[in-house]
Structures are given as C-alpha cells and as structure tokens.
Amino acid sequence: MLFIRRVAAVVLMLLLLETRGSQAICNMSQQGFNSCRPSVTPPNPPRPSAECCKALAAADLQCFCSYKSSPLLPALGIDPALAMKLPPKCGLKAPENC
C-alpha cells in the first residue's frame with residue numbers, strides 16, 4: 001500500500017509538469033500523465049481511463065518510488081488519497097522494496 005501511495009503521488013506531481021513538453025518521466029509521457037489527471041482531481045473523479053492505465057502500466061513504477069511524496073499535490077488541487085488509489089484501480093501490482 002505504501003508503494004501505491006508513493007507511485008500515485010509521483011504520477012500526480014508529474015502531471016503538473018506540463019512545461020516539460022513531451023519529455024517522458026519514469027517512462028511515462030506527458031500524454032500519459034494528462035490521461036490520468038481527471039482520476040486524481042476532486043471532488044468526483046472518474047475511474048482511470050484505459051489510456052491512463054495503459055500509460056501507468058508501461059511506466060517504471062520503481063522509478064516513481066524516488067518521488068514518493070510531494071507537498072505540491074494538495075496545493076495544486078490534487079487529492080493525495082485519490083492518487084494513492086490509482087495503481088490498484090488499474091490492476092497494477094506494486095514492486096517490492098519501494
């Protein structure tokens with residue numbers, strides 16, 4: 001569960017880095033981040049889209065562990081609790097030792 005929280009927080013933080021253009025972070029493109037944005041934005045987020053889950057599945061989840069926490073998320077309107085739920089909603093298993 002801790003890993004999932006870390007990955008989700010990182011994914012959301014990176015969604016906010018649109019100024020990086022099409023540059024991939026942890027093997028997830030800006031388009032992938034953007035596809036996940038609605039699912040981590042309150043108040044009534046939809047389930048993650050197939051595009052979001054596909055992007056998250058292709059991402060380097062272990063890499064996201066290095067971005068495990070960010071105080072920017074709440075400040076940017078992203079609900080960390082929603083972010084933590086994203087990987088399991090996509091049926092992803094967390095890597096060990098995150």
For Glu51, the lone unmet condition from (1) at pLDDT 80 or above; (2) in contact with a Pro (Cβ under 7 Å, 6 or more places away or on another chain) is (2)
Take Lys68 and decide whether it is of a type in the set (Lys, Arg), in a loop (DSSP other than H, G, I, E, B) and at pLDDT 65 or above.
no
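The values are calculated or read from the model by the stated rules, or taken from the named source; none is laboratory data. The model shown is predicted, which means the values in this text are computed figures rather than measured ones. For neighbour counting, all protein chains shown are included, and Cβ atoms are generated from backbone atoms with ideal geometry for every residue, glycine included.
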